[in-house]
Every structure is written in structure tokens, then in C-alpha cells.
Amino acid sequence: GLRLWLWMLALGCVAAFASGLSAAPLHRVRGRRPFEDRRRSISQPRRSGGRRPTFVPSGVRIRSLPSLFASDVNGPPDNGLGAPTKWRRIAIPTEVDYFTKTQISDIFGSVGSSEWTEFVPLALAGRWSQRRSEDGSRPGDVETIFLSSPEQSETIADAYERYLKSKDGVDETSSARVETTALPIPIPPTMSNNAVKLLSQAYSNTPLSKSVLLSLNSLLVNRDGGLFDNLPWSTWSVDPDLKERDAAGNVAEGKFTMGKRVAYQRFMGKDWQGRSLSLGNLANRVRFLLEGSEEDAENEVANDSVSGDGTDDWNNLSQRLLQLEVKEARMEVAECERRLAISTTQTTAANVDSVDVKDAAAQLETARGQLEEAETSLQELTTVMQLAADEKSNKNLRRKTRSLLVHILDRLAEQENPPPYRGAIGYPAKLDSEKETLEDSVLPYTSPYELLLEIVDEQLNSEVMGCVLEPTSLLEGNLVLGGALLLRRKGVAKSTTLAGEKVSYMDDEDALGNEGILPRTMYVVECFCDEAVGVAVASRKPLLVEGEVCDRAGRVPVELDVRRAASIRREKGGGEENRVEGTESLSFAQRVPPLRPSGEYDLSSQSEGERVSSERESNLVRIPLTTNPQPFDGPDQGPQPSSSTRRSVFSTFNPVKSLDEYDQLTDDGKARLLLKLESFAGPLPRPRAVRASTRAADGDYESGTAPPSALDDILLPLVDESVRRRYLVRDAERRGALEEAEALRREASPRQSASEDAERAREEGLNDEADRLEEEARLYAALRADVTQDEGAYDRFLDRDDWYERETRARIKRLDKSKFGTLLDGVDLP
């Protein structure tokens with residue numbers, strides 16, 4: 001209790017001291033001009049009616065610093081001089097390095113890994129809001145973003161800016177009108193509002209305050225099945241101390257790891273740069289206050305108005321902190337002595353030099369050294385305080401006082417086990433650097449995507465190699481695009497000493513506690529289209545799209561929406577000429593150029609799975625079918641099942657009844673069948689994943705036989721169990737796994753055995769026997785509550801009793817329907 005009380009007392013003293021040193025809401029950085037309305041220096045004497053000055057030792061250099069709780073800038077962004085930050089449009093590079101092109105072609109190319117696939121770099125050119133049609137053919141507004149080449153996107157942005165700055169009444173056919181071709185990407189109505197907000201922030205490239213950014217972060221992380229959910233938090237979060245392991249040293253399951261929780265807490269504001277209230281960061285802030293330029297030091301030394309009483313307060317605070325250090329060191333020594341005594345008592349004379357005794361003795365020596373160092377520092381400070389009380393302040397005394405204060409702050413900021421990344425659970429807070437404390441604490445990020453890239457860099461030790469848009473629909477004639485990021489694990493920077501010189505190098509063998517995740521390992525992160533565009537804008541990378549897709553759907557003629565631009569100019573313009581002087585006055589959404597299809601081009605937005613009536617419709621990008629709405633976007637627009645509808649325990653829908661029927665299904669048929677099954681709730685795999693799964697298993701099969709794909713892995717557990725087992729037996733035989741095939745045959749259900757015997761009997765011409773066996777197979781099917789699950793997969797009491805079903809069928813056979821007239825007409829009796 002005493003130890004906790006002392007720590008809280010020290011923390012309160014340091015916090016009160018740090019908050020008192022700075023009253024200005026913003027700071028002065030070395031080399032930056034101070035604010036015009038800068039508060040009076042804290043080293044000046046107190047004026048009548050003013051607040052009490054903070055006492056400073058004579059000769060100690062002080063600089064301005066943001067207050068302990070830096071105020072957010074919720075109005076126009078500030079550049080540190082009291083003026084709005086000028087909007088700087090991001091320049092997107094037009095070229096991608098050869099290595100990245102090769103990897104993206106191998107992974108995302110539709111022609112296979114052995115052939116080269118050309119990918120075209122695109123950038124965000126503008127947006128268009130497609131209003132609902134009057135006849136009701138379109139159910140709601142559809143936001144569409146247009147992607148064009150980086151050069152054309154830059155031309156459109158320049159033309160839009162010129163038009164806003166032009167005089168009111170200028171001819172709309174002037175040079176402000178720009179036409180080009182673009183790739184339209186429709187955003188589902190359930191998520192268009194939030195997607196446009198995030199994209200506008202990333203495109204604006206304007207620093208945001210903490211309060212504004214936190215409100216936007218929730219829009220990114222609270223999207224089911226999106227970028228945040230699909231990042232490899234559980235397997236790629238660095239763990240150099242192996243804390244994500246169980247007692248046996250095994251890697252913990254993904255649901256028990258802390259990686260995703262840490263990332264979520266970062267998005268919610270944890271461990272913000274320059275705002276941590278940990279004791280080490282508070283000590284660092286005080287030290288930054290003690291440091292400054294030589295010019296500031298000379299000015300403060302020459303200032304005769306500094307009160308000499310300030311030295312006593314500084315020294316008293318330092319003395320209290322050192323006394324706390326001494327008390328803690330003494331308690332640590334006592335604890336080490338207790339552990340050593342226990343280890344010595346439990347050790348016999350035969351193994352007096354055991355490891356436990358040596359470790360306890362080493363810990364005791366370390367604790368005694370820390371105690372001696374703390375007592376020496378306290379004695380030196382006490383001597384200085386006595387000299388300050390007896391003599392007038394001099395340069396040597398001021399220098400010694402400052403040295404002692406810096407030494408105290410350095411001791412408080414020491415960390416025995418620093419965190420591997422910011423916000424890591426089980427570690428102390430990360431110590432902020434001088435730049436993070438002075439510059440990055442107020443406006444560090446321009447969008448949630450920029451914060452996400454920082455988390456990926458620090459927590460996953462990875463970098464985004466490329467952002468890609470790829471086809472995601474397995475339905476024929478449906479062009480649906482989805483986003484994907486290609487992550488690559490970075491090396492670990494290390495250093496060593498060779499021949500007296502320090503040499504830095506990158507270790508490509510250190511997995512940082514992640515089994516199998518070595519440097520240069522790659523990972524594909526699937527996401528929505530707008531998320532891939534946002535990451536591409538924030539990371540200053542082009543968005544890569546396959547050339548065939550661009551030729552198919554990226555030839556839509558678009559032009560600058562002059563009517564919308566004129567409306568923005570009238571709304572934001574000023575003066576007699578009614579023009580926008582600077583784009584800084586625009587809202588973030590208005591900075592994205594408004595575009596529209598030029599001429600009579602009809603850009604109708606259809607959903608995935610709708611009927612394709614023409615070749616032109618097959619070339620239009622459609623809205624994805626399986627898009628989960630966010631909880632803040634309103635209710636789902638899809639049909640909701642009625643609670644009063646009576647449903648069976650298991651689905652009785654069983655369309656595939658034989659292996660031949662299954663073999664006739666194409667990828668389109670399998671995808672449509674999955675969408676019809678009530679037992680299927682997850683998203684369909686992308687065509688890339690289907691191709692990759694087939695290529696990965698191709699080496700285990702003979703030529704001419706197709707291995708099962710990722711689509712088969714999803715569909716097989718949902719079809720008839722007899723069809724599934726036959727497929728697995730045939731697959732094992734094709735792979736040469738004869739023992740596995742034989743084991744599958746032995747585990748066949750009575751229903752499957754009866755069906756196979758009936759087929760063999762009919763092939764041999766024994767029709768009566770075949771009819772009897774088929775009737776037996778139908779009986780076993782009637783007994784099962786769910787014929788798609790293996791026997792024993794669910795409670796057997798859900799099935800019918802064999803004897804009861806046989807007796808019921810026998811009574812029905814003996815029934816004379818003629819006695820009931822037309823009453824039983826149309827009734828299908830077993």
C-alpha cells in the first residue's frame with residue numbers, strides 16, 4: 001500500500017509540474033517561428049492578478065511545449081502558425097517496380113502463374129452520385145467512383161480547381177470541361193455513405209485532429225468482412241518475447257491472441273503519440289522542457305528577473321522522486337534477500353551451486369547496485385541543495401543542478417522491457433520521441449488509412465507492396481470487382497560490432513516470434529473496392545487492375561460535372577465574382593472532383609446475379625451480392641424471414657443425388673447452388689482462390705484429372721453424404737492413396753451401401769433385386785433427419801426409429817386406397 005501511494009504521489013507531482021510548465025495549446029519546434037499570440041515566458045515574474053509562474057532553476061533552458069492534454073483542432077486544420085493548412089493533393093506515381101509487377105502477375109493474373117498478365121495503374125479520378133430513377137427501376141442512390149490513369153486523374157483535378165477559381169458566369173464549354181475514359185466502381189448503398197467519407201479524407205491529404213479522426217476510425221473498423229477483419233492480426237503480430245504462447249510453448253489459437261484487440265484499441269485512441277500519461281513519458285516531456293537551443297539558454301541566463309526561489313521547488317521535486325527511488329530500491333533488496341534465503345534453505349548441501357541460488361544471488365547484487373546508485377544521487381542532490389541555501393547561485397551550481405535533474409528524468413524513463421510496438425498489451429507504454437511529443441501529438445494523421453498503414457508497419461512489421469482490384473464473381477456474365485492488398489514481411493534491423501565499428505544489417509531469418517512468417521513472406525488481404533482505393537491513396541501507390549478488365553469495363557466516357565461544380569462554387573464562393581479563392585474552404589467530400597458519364601451513355605447499376613440481357617450489360621461492373629451492411633447504415637434491404645414461418649430442424653433441400661450430377665456442375669452452377677442452400681452463410685471464394693487451390697494440388701494428380709478446388713471444399717460438406725463419400729473415394733484413388741480410399745469404403749453408411757449394391761445388381765440384370773435394394777436405400781434416407789451429414793455428426797435421437805418406419809410402410813402397403821374414394825388422391829404415401 002505504501003509503495004502504491006508513493007508512486008501515485010510522484011505521478012501527481014510530475015503531472016502537475018508538466019501541466020504547469022505549459023499553458024499554450026500549441027508548441028514551438030526548433031527551427032519553427034513562434035506563434036504571434038504566444039503566452040508570456042514562464043520564466044518571467046508573476047504579474048498582478050496573473051497565474052502563479054512555474055519556478056525554474058537558474059540557467060536551466062526551457063522551451064514551450066503543448067499542454068499535457070493538447071487541445072484538438074476541430075475547426076479548419078492548422079499548420080502551426082494559426083492559419084488553415086493548405087490542401088496538398090497527393091501525387092500518385094505512374095510506374096511500379098518490376099518485382100512488384102511480377103509478384104502481382106503471378107498471384108492475381110487470370111491466365112496462370114506461368115504466363116505474364118499485364119496490370120494497368122489507375123488512380124482515383126472523381127465520384128458520381130447516381131440518383132434513384134423515377135420509374136423505380138433503381139431502388140436507391142448509388143455512389144460510383146471513377147478510376148483513371150494517374151495522368152488523367154491529375155488533369156481532372158487541375159481542371160476542377162481552375163473552374164472553382166474562375167469567375168462566375170464563365171462559359172461551361174471552356175477549358176474547365178475535361179473528358180476522358182474511366183473505370184466505374186459502384187459502391188453498395190448500404191455502405192456508400194461511410195465509404196465516401198473515408199475516401200474523401202484520404203484524397204484531401206489534410207491533417208486531422210484526434211477527435212475528428214476517432215469518429216472516422218469507427219467507420220473503418222466496424223465493417224464486417226472488410227479490410228480490418230481480414231488482416232492477419234493473430235499470426236503476423238510480432239511477439240519477440242513469445243507471450244502469445246501457452247504453458248507448453250505452443251502458439252495460442254487465433255481467438256486467444258491480442259493482436260486484433262491491440263489494433264482496435266489503437267484506432268480507439270490508445271497510446272496516442274505525445275499524449276501518454278505514463279511516468280516515463282511524463283519524465284521525457286519534462287526533459288524536453290529542459291532542453292533548448294543555445295540562444296534560448298543565453299537569453300535565460302541573461303535574464304535577471306528570474307526568481308531564485310524556483311531552484312528550491314525544482315530541487316524539492318527531484319529530492320522527493322529520489323527518495324521514492326531509494327525506498328523502492330530498499331524494498332527490492334529486501335525481496336531479493338527473502339528469495340535468496342528461501343532458495344538457500346530449500347537447497348541441500350549436494351547442490352549448493354544450483355541455478356536458483358545463483359539467479360537469486362545475481363538479482364540481489366543488481367538490486368544492491370541500484371540502491372547504491374539511488375542513494376548516491378540523493379546524497380549529491382542534498383549537497384547541492386545545501387550549497388544553494390548557503391551560497392548565491394553560480395554557473396557551476398546551475399550546471400550541476402541541471403545534470404542531476406536530467407539524470408533523475410533519465411532514470412524515470414528507463415524501461416527494462418520496452419514494447420515491441422505501440423499499444424502492445426503486457427508492456428509499458430512506448431516512450432515517445434521528441435518529434436512525436438512536439439510535432440505529432442496534435443495532427444499526426446490525415447485519414448484512418450494512414451493510421452492503418454502505421455499499425456501494419458509497426459505491429460505486423462510489414463509493408464503494402466501493391467493494391468489490386470480483381471474479379472470476385474464466379475457467376476457467368478457477371479463482372480464484380482473487389483479489392484486486395486499484397487503484404488510483404490520486412491526484415492529485422494540489427495547491428496553488431498566488427499573490428500571496433502558498429503555495422504547495421506537486416507536479419508532475414510528472424511520471425512519475431514511468428515512461426516513460419518519469415519521476412520519476404522507475402523499475404524493477400526481481401527477487402528472492398530473502396531478500401532483498396534483508400535489504402536492506395538494513403539500509401540501513394542497506384543491501384544493495379546488487370547488490363548483485360550480495363551479493356552472490358554474501363555472505357556466509360558466521363559466528363560467533369562460542371563453543374564455540380566457550379567453549385568459548389570456558388571455555395572463556397574465569395575466576393576462579387578463569386579469564385580472560390582482556395583480549396584481549403586471546401587469540405588472534404590467537395591474536394592473530390594465530381595464526374596458524370598458524358599453524352600447519352602447509360603451507366604445502370606445492376607447487382608450480382610441479376611439476368612444478363614446483352615453483351616454490354618456483361619461488361620458493366622456490378623454491385624456485389626454478398627455485402628454485409630454496417631450497423632450504422634440502417635436496416636438491411638434484403639428480405640427478412642418471417643418469425644412465424646415454421647422451419648424444419650435441418651434443410652431438406654438436396655438437389656445433387658448422384659456423383660454424375662455433381663460432376664456436371666460448372667463453377668457457375670456450384671456457386672448458384674451454394675447461394676440457394678440455407679446451410680451456406682459465408683462469402684463465396686474469389687476466382688483467384690479457386691485457381692490457386694487447383695494449381696496447388698495439381699502435382700498430386702495424374703494428367704487429365706482435375707483436383708478439387710476451393711469451391712468443392714465448401715460445397716462437398718453440404719451435399720448428400722453418399723455423393724460426398726463417393727467423391728472422396730474417387731479423389732483418394734486418383735491421388736494414389738489406396739489405404740485412405742479403403743477406409744472411406746469401410747465407413748460407408750447403410751444407405752450408401754444399399755445404393756451401390758442396387759447399381760451393381762441392375763448392371764448384372766437383376767432388376768428385382770435392384771428394386772428391392774433401391775427401396776431399402778429410400779428407407780434409410782427416410783430415417784435420416786439430414787442426409788447431407790455423416791452418421792454420428794448429430795444426435796441420433798433426431799432420426800426415426802428403424803422398426804417404426806418399417807412397420808409404418810408395411811401398414812401403408814396393406815392399405816386399400818379404393819376404400820377412401822378420392823380422399824387420398826394427390827397424397828404421396830411412402
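The values are calculated or read from the model by the stated rules, or taken from the named source; none is laboratory data. Nothing here was measured: the structure is a model prediction, and the numbers come from that model. As a convention, Cβ positions derive from the backbone with ideal geometry for all residues, glycine included, and neighbour counts pool all protein chains shown. Heavy atoms of the whole protein, side chains included, go into the accessibility calculation; ligands, DNA and RNA do not. Shrake-Rupley method; radii C 1.70, N 1.55, O 1.52, S 1.80 Å.
General observations
- Other-chain or far-sequence residues with amide H under 5 Å of residue 625's (modelled H): 608
- Residues with amide H under 5 Å from that of residue 579, placed H, sequence gap 5 or more: 574
- Karplus (6.51, -1.76, 1.60) ³J(HN,Hα), θ = phi - 60°, over region 523-528, in Hz, Gly and Pro reported as x: 8, 9, 10, 7, 7, 7
- Test item: Cα-centred dipole of region 464-584, Lys/Arg +1 and Asp/Glu -1 on Cβ, debye: 300
- Efficiency of FRET between residue 499 and residue 386 - r from beta-carbon atoms, R0 41 angstrom, step 0.05: 0.25
- Added length on full extension, which subtracts the Cα-Cα distance from 0.36 nm per residue, residue 796 to residue 365: 148.4 nm
- A cut-off of 5 Å between modelled amide H atoms, ignoring neighbours fewer than 5 places along the same chain, links residue 125 with 146, 147, 148.
- Residue 344 accessible area, assembled protein chains, probe 1.4 Å, Å²: 80
- Between residue 375 and residue 552, the distance separating the two model label sites (each 7 Å from Cα on the Cα→Cβ line) works out to 8.1 nm.
- Residue-wise HN-Hα couplings along region 94-101, as the Karplus relation 6.51 cos²θ - 1.76 cosθ + 1.60 with θ = phi - 60° gives them from phi, are 9, 10, 10, 5, 5, 4, 5, 4 Hz; Gly and Pro carry x.
- Label-to-label distance, nm, for residues given as residue 252 and residue 742 (7 Å Cα→Cβ offset): 4.5
- Restriction of the trypsin sites (Lys or Arg not before Pro) in region 728-823 to DSSP coil positions whose beta-carbon has at most 11 other beta-carbons within 10 angstrom yields 814.
- Computed from phi, the 3J(HN,Hα) profile of region 754-762 under the Karplus parametrisation 6.51, -1.76, 1.60 (θ = phi - 60°) reads 5, 5, 5, 5, 5, 5, 5, 5, 5 Hz, with x in place of Gly and Pro.
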